[in-house]
Number of protein chains: 2
Amino acid sequence: MKPIDTPDDQGLDAPASARQPAIGGAQRGTLIGIGIGPGDPDLITLKALKVLNAAPVLAYPAPDTGASLARAIVAPHLDGHHTEICIRMPMVTARFPAQEVYDWAAEEIAVHLDAGRDVVCLCEGDPFVYGSFSFLFARLVDRYPVEVVPGVSSITACAAVLGAPLATRNDVFSIVPGTLDMAALEAQLERVDAAAIIKVGRHLAKIRAVLTKLELMTNARYIERATMPAQNSMPLAEFVAESAPYFSMILVHKRGLAWN
Amino acid sequence: MKPIDTPDDQGLDAPASARQPAIGGAQRGTLIGIGIGPGDPDLITLKALKVLNAAPVLAYPAPDTGASLARAIVAPHLDGHHTEICIRMPMVTARFPAQEVYDWAAEEIAVHLDAGRDVVCLCEGDPFVYGSFSFLFARLVDRYPVEVVPGVSSITACAAVLGAPLATRNDVFSIVPGTLDMAALEAQLERVDAAAIIKVGRHLAKIRAVLTKLELMTNARYIERATMPAQNSMPLAEFVAESAPYFSMILVHKRGLAWN
């Protein structure tokens, strides 16, 4: 079992994992959350690949029924040696986060960690940018060594695909969930230079109304499934649907183009 | 010369590069900005590596004097075949952005593009997150095919190293430059759930004062040179220096831990 590189002890603020003693000398496994990027299998890092190939156990989120997108993204890189833990998450917004599912998954993972087996958990985009991995992390970080390999976030991937820099110079850039109510959404967008509006879904009409009120519709770009085969993008003004798929977001910069 | 994968034509909102006709049938080169990640050479993506190895010309930023950090990050992956363009940027804040340097660099790059040679430009972190690449992009995107390969941002790398999720659920997360004046900094931090304060440098005392006023000092973590050999981090309250190095930031979440 090859441990991944860990930073040197940084004193009081070292990652919790660095503070975990081996109990009774037993070598426990490490939970490693890896960012696998936004969808294109080539947007995974060398470090994530090394960690993935070295670990015996692979955990990943999946919907209630059907295939796991995270597993599909890394499928070209798998050689079949992993024991797999499929974490089926209810995708109904109202039930999120599904605490019982995280409790169950944490215990499934803990069985392997106790036996000294490293467990890699696949995270779409980056593990710590609105990812469900944070909830597994919270349940296990005080009991086991945990490491995180950052990944390419879907937000920067959307910017790359659109040819639209997110922010330059002294811009304030915000990530704003479309789930906020209209007043909160307006207040948030009002005072920033640029924003990514995530979790668009059924909130599209409300988001359109706020952007129109702020006279930002002409600066807003809609994009779905960035870097995936079904990638699609257009000016938000031309996107006529009433709702948007889960993997979509709106990018807006008040100067239109960030370099201006 | 192997072109990189380009997304299908997306209509009006296609990347500008997709709209560039070849002039008189001549095959012009493509400018490709690649995110090379925050510092650890293994935090580069497979896609960036493929693009890097396929292109004959390599451009990268460097300080006035001395070595280029961007080039040092990818050095383990270079095989010596590239023609190199070193873009020496004045690092004095007041002179940034150095328009003349971008003008010069754009023309140096254009010579190769006109001759049909692809040019890869190295970008620390992600090209479109406060990167100087945006200014090269702006100068060349209307004249040449330009592509961008997103990378791991230093912001998510800092979160990974600290074991501190940036945001969960319906959090509003902001990237706030420490260069803002005190009132603006306070107004920005007041209404978000979490923030990364970048460009700390000589603004450290002001940032401390604002975080203290907002009673956020105990939630603030300082980190410098994340994923690099000289990486260092601590609670901001324990960082006693009067200024911070260029590659540093402060992460703060109002709930302390994002999963709470």
All positions within the stretch A:157-176 that are of a type in the set (Val, Ile, Thr) and more than 18 Å from B:VAL141 (Cα to Cα): A:VAL172, A:ILE175, A:VAL176
In the stretch A:212-249, the residues that are more than 23 Å from A:GLU124 (Cα to Cα), within 10 Å of chain B (Cβ to nearest Cβ) and loosely packed, with under 14 Cβ neighbours inside 10 Å: A:GLU238
Complete set of residues in the stretch B:134-146 that are facing another protein chain (nearest Cβ under 8 Å) and in contact (Cβ under 8 Å) with a residue 40 or more places away in the chain: B:PHE137, B:VAL141, B:VAL146
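Please list, ordered by residue number, the helices (runs of 4 or more DSSP H) wholly in the stretch A:144-243 having 2 or more residues that are more than 23 Å from A:ALA70 (Cβ to Cβ).
Values: elements: A:154-162, A:182-190, A:204-213.
Result: A:182-190, A:204-213.
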Failed criterion for A:LEU189 (all others in (1) buried (at least 22 other Cβ atoms within 10 Å of the Cβ); (2) of a type outside the set (Val, Ile, Thr); (3) closer than 30 Å to B:LEU140 by Cβ hold): (3)
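May I ask you to list the residues in the stretch A:66-80 that are farther than 15 Å from A:GLY125 by Cα and either modelled with pLDDT under 95 or in contact with a Leu (Cβ under 9 Å, 6 or more places away or on another chain) (or both)? So that I can check it myself, show each step before the final result.
Start the filter on the stretch A:66-80 by keeping residues that are farther than 15 Å from A:GLY125 by Cα, which leaves A:66-67, A:75-80.
Of everything in the stretch A:66-80, those that are farther than 15 Å from A:GLY125 by Cα and either modelled with pLDDT under 95 or in contact with a Leu (Cβ under 9 Å, 6 or more places away or on another chain) (or both) turn out to be A:GLY66, A:HIS77, A:LEU78.
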Selection status of A:ILE109, over 30 Å from B:SER174 (Cα atoms) and either assigned to a strand (DSSP E or B) or modelled with pLDDT under 95 (or both): no
Test: residue in the stretch B:39-49 that is in the same structural domain as B:ALA106 (by TED's automatic domain parsing), assigned to a strand (DSSP E or B) and at pLDDT 50 or above: yes
Residue in the stretch A:102-124 that is in contact (Cβ under 8 Å) with a residue 12 or more places away in the chain, hydroxyl-bearing (Ser, Thr, Tyr) and more than 11 Å from every other protein chain (Cβ to nearest Cβ) present: no
Lone qualifier among B:GLU124, B:GLU186, B:GLU84, B:GLU107 - being of a type outside the set (A, V, I, L, M, F, W, C) and assigned by TED's automatic domain parsing to the domain that holds B:LYS206: B:GLU186
Output for the stretch B:218-252, where each listed residue is in contact with a helix residue (DSSP H, G or I) (Cβ under 6 Å, 6 or more places away or on another chain), hydroxyl-bearing (Ser, Thr, Tyr) and within 16 Å of B:ILE207 (Cα to Cα): B:TYR222, B:SER243
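Matching residues to (1) under 19 Å from the mean Cα position of the chain (by Cα); (2) small (Gly, Ala, Ser); (3) over 22 Å from B:ALA241 (Cα atoms):
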| site | (1), (2), (3) |
| --- | --- |
| B:ASP118 | no, no, yes |
| B:LEU162 | no, no, no |
| B:ALA194 | no, yes, yes |
| B:THR212 | no, no, no |
| B:GLU215 | no, no, no |
Inter-residue pairs, beta-carbon under 9 Å, first over 16 Å from A:CYS158 (Cβ atoms) and in the stretch A:209-234, second aliphatic (A, V, I, L, M) and part of a loop (DSSP other than H, G, I, E, B), 6+ apart: A:VAL210/A:LEU216
All positions within the stretch B:208-249 that are touching a strand residue (DSSP E or B) at 6+ places or on another chain (Cβ under 7 Å) and among the charged types (D, E, K, R): B:ARG221, B:GLU224, B:ARG225
The stretch A:54-72 - residue that is closer than 18 Å to A:GLY116 by Cβ and either among the acidic types (Asp, Glu) or out of contact with any His (no Cβ under 6 Å at 6 or more places or on another chain) (or both) and, of those, farthest from the other protein chains (Cβ to nearest Cβ): A:PRO56
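Given the condition farther than 12 Å from B:VAL120 by Cβ and assigned to a loop (DSSP other than H, G, I, E, B), answer yes or no: does some residue in the stretch B:54-65 qualify? Talk me through it step by step, then tell me what you get.
First, the residues of the stretch B:54-65 that are farther than 12 Å from B:VAL120 by Cβ: B:61-65.
So of that shortlist, the ones also assigned to a loop (DSSP other than H, G, I, E, B) come out as B:64-65.
Yes.
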Residue satisfying condition, being more than 10 Å from chain A (Cβ to nearest Cβ), in contact with a strand residue (DSSP E or B) (Cβ under 8 Å, 6 or more places away or on another chain) and within 28 Å of A:GLY131 (Cα to Cα), within set B:VAL161, B:VAL149, B:VAL252: B:VAL252
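For the condition of a type outside the set (A, V, I, L, M, F, W, C), surrounded by 15 or more Cβ atoms within 10 Å (Cβ to Cβ), at pLDDT 95 or above and within 30 Å of B:ALA230 (Cβ to Cβ), what is the one hit in B:GLU84, B:GLU124? First the steps, then the outcome.
Details: B:GLU84 fails: surrounded by 15 or more Cβ atoms within 10 Å (Cβ to Cβ).
Only one candidate qualifies: B:GLU124.
The values are calculated or read from the model by the stated rules, or taken from the named source; none is laboratory data. Predicted model, so just to flag it, every value in this text is computed and none were measured. Ideal geometry is used to build each Cβ from the backbone, glycine not excepted, and the neighbour counts take in all protein chains shown.
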